[in-house]
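Encoded as structure tokens, the structure appears first; notes follow it.
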Amino acid sequence: MKLLFIGPPGAGKGTQAARVAERLGIPHISTGEMFRRHVDEGTELGRKVKAIMESGAYVPDEITVEMLRQRLEEPDASVGFILDGFPRTEPQVAALDQVIGEDGLHMVVLFEVDEDELTERLLSRGRLDDSEETIRHRFKVYQEQTAPLISRYEGRGIVARVDGLGSLEEVTNRVLRAVTA
Ligand code: ADP
């Protein structure tokens, strides 16, 4: 099963992607986590993206797309995967279509949570790129660049909306119901 989890920063998609991937026995592929690992390990890629991530901006598409393309070539991704945080821009949608085909995704799970709740969650998370200013910037970038992609997938009839408020287990069960329906 090939799934995509999408939603504003703080919606819980990363946490849920990890839980649902484990239940379904497929890899959880998070471009944000991949970038953070590069930064922590001090790789060449990590040095390139560190300042960009700390500002809350998106990493340039050519870097992100190449990294993701290589990840999808790994054998564990052949059975399926949950993509978390990719695609986030029009060119990334086009690149994904090219790799897995326009009908390659089974479902897009859209997490819905209101913005006050989101800010509160992010501030309490305490990650390096979770300062108030960065958070505001990340929301803006999400609204401008990523929210419009949802209608592309709606046109394909594969979007399932999931309420992101509730306990971890409640939300996981909602997602599982949506993707196995
Ligand atoms: P969040 O969901 O809270 O925004 P992520 O872990 O998904 O957190 O992403 C953290 C940061 O990593 C982003 O703000 C961005 O700088 C970078 N990033 C992750 N995925 C992408 C992507 N697909 N395209 C461009 N930048 C990305």
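What follows draws every value from the coordinates through simple rules; no lab data is involved. In this text, all values refer to a predicted model and were calculated from it rather than measured experimentally. Here Cβ is always computed from backbone atoms with ideal geometry, including for glycine, and neighbour counts include all displayed protein chains.
In this simple spin-label approximation, THR15 and ALA94 carry label points 7 Å from Cα along the Cα→Cβ vector, and these lie 3.7 nm apart.
Find the relative contact order for the range 61-181 and round it to a whole percent, using C-alpha pairs within less than 8 Å whose residues are 6+ positions apart.
Values: 73 pairs, mean separation 36.1, N = 121.
30 percent.
How high is the FRET efficiency between LEU168 and GLU33 when r is their beta carbon distance and R₀ equals 25 Å, given to the nearest 0.05? The calculated FRET efficiency here is 0.85. Prolate is the label for the range 73-141. Its Cα gyration tensor axes, ordered a ≥ b ≥ c, give a/c of at least 1.5 and a/b above b/c. Rounded to the nearest 500, the 222 nm mean residue ellipticity of the chain from helices alone is -17000 deg cm²/dmol, with -39,500 (n - 2.57) taken per DSSP H run of at least 4 residues. Fully extending the segment from LEU128 to SER78 would add 14.7 nm, taking 0.36 nm per residue of separation and subtracting the current Cα-Cα distance.
Does the range 6-81 come out rounded, prolate or oblate by the C-alpha gyration tensor, with a ≥ b ≥ c the root eigenvalues, rounded set by a/c under 1.5 and, if not, prolate when a/b is larger than b/c and oblate if not?
Working: a/c = 2.11, a/b = 1.39, b/c = 1.52.
Taking the square roots of the gyration eigenvalues as a ≥ b ≥ c, the range 6-81 is oblate.
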